[in-house]
1. Among 88-96, 115-123, how do they line up by average Cβ neighbours within 10 Å per residue, starting with the highest?
2. Would you list which lysines come within 21 Å of K172, measuring only between C-alpha atoms, while excluding same-chain residues fewer than 8 positions from it?
3. Given just the C-alpha atoms of the range 100-183, how large is their convex hull per residue in cubic angstrom?
4. Can you list the aspartates and glutamates whose alpha carbon is less than 13 Å from that of K184, not counting same-chain residues fewer than 8 positions off?
5. Give, as a single signed number, the net charge of other residues whose beta carbon lies under 13 Å from the beta carbon of M180, with Lys and Arg counted +1 and Asp and Glu -1.
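Please treat every number below as a calculation from the coordinates, not as lab data. Remember, it's a predicted structure, so these values are computed and weren't measured experimentally. Because the Cβ atoms are built from the backbone with ideal geometry, glycine has one as well, and the counts that use them run over all protein chains shown.
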Amino acid sequence: YVYQQLANRYSEFTRVRNLNCFFLTWNLGGAAPSSEVSLLPLLGSAPKDSGGSALSPLAGDFEPPDIIVVGLQEICSLNAVNILGNEERNRLWETSLEDEVEMFANVKQIDPYVKVASRCLVGTLIVVFLRKPLEEHLTPDSVQTSSVTTGLLGIAGNKGGVSVSMELFAQKFSFVNCHMAAHKESVKARNADYDSIMNR
């Protein structure tokens, strides 16, 4: 009875708001940020003569995304030296993403974005941005990050997943970026990686 009454009066106490989300994933193959390795064409804000902006779903007229989620893999070479991570490369890519998202907002003349959170695991990085006007609807202390290793012996961070979760408009969101076992013959290994990431 209670649930039925709540359903009948749903419109009295509920407001529906659509959120536009833009998700970008890119395996960088160990590349560092540079003019030749830029996300701006993918965001649709590259110079027109670059030939990149037309490929983006954000090129031209569009409803600006409320949330931008960027998941990068192999931000550094996955060798023995970097098996514990490369903080400098992580910092470089985070700074580059922040700059490019800011430039994207400026070029499109839309509200700026704030970085909600980021998490890095060796070569796997996730960064979540939110339009500044929506920041007031982000539940305080709801933002959390986590990482799961699935590499060598299940403890090496060359493979695994990173996540950012948050509560916006009283709704929970969780974004996960994974770098799993490679090559078409490793389907079982990838499925095992997925299960490990989701269960932990």
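1. Numbers: 88-96: 17.0, 115-123: 22.2.
Listed from highest to lowest mean packing, they are 115-123, 88-96.
2. In chain and number order, the partners are K115, K132.
3. Values: hull volume 9.3 nm³, N = 84.
Once divided by residue count, the hull of the range 100-183 is 111 Å³.
4. Partners found: none.
5. Numbers: positive: K159, K184, K188, R190; negative: E74, D193, D195.
Around M180, the surrounding residues sum to +1.
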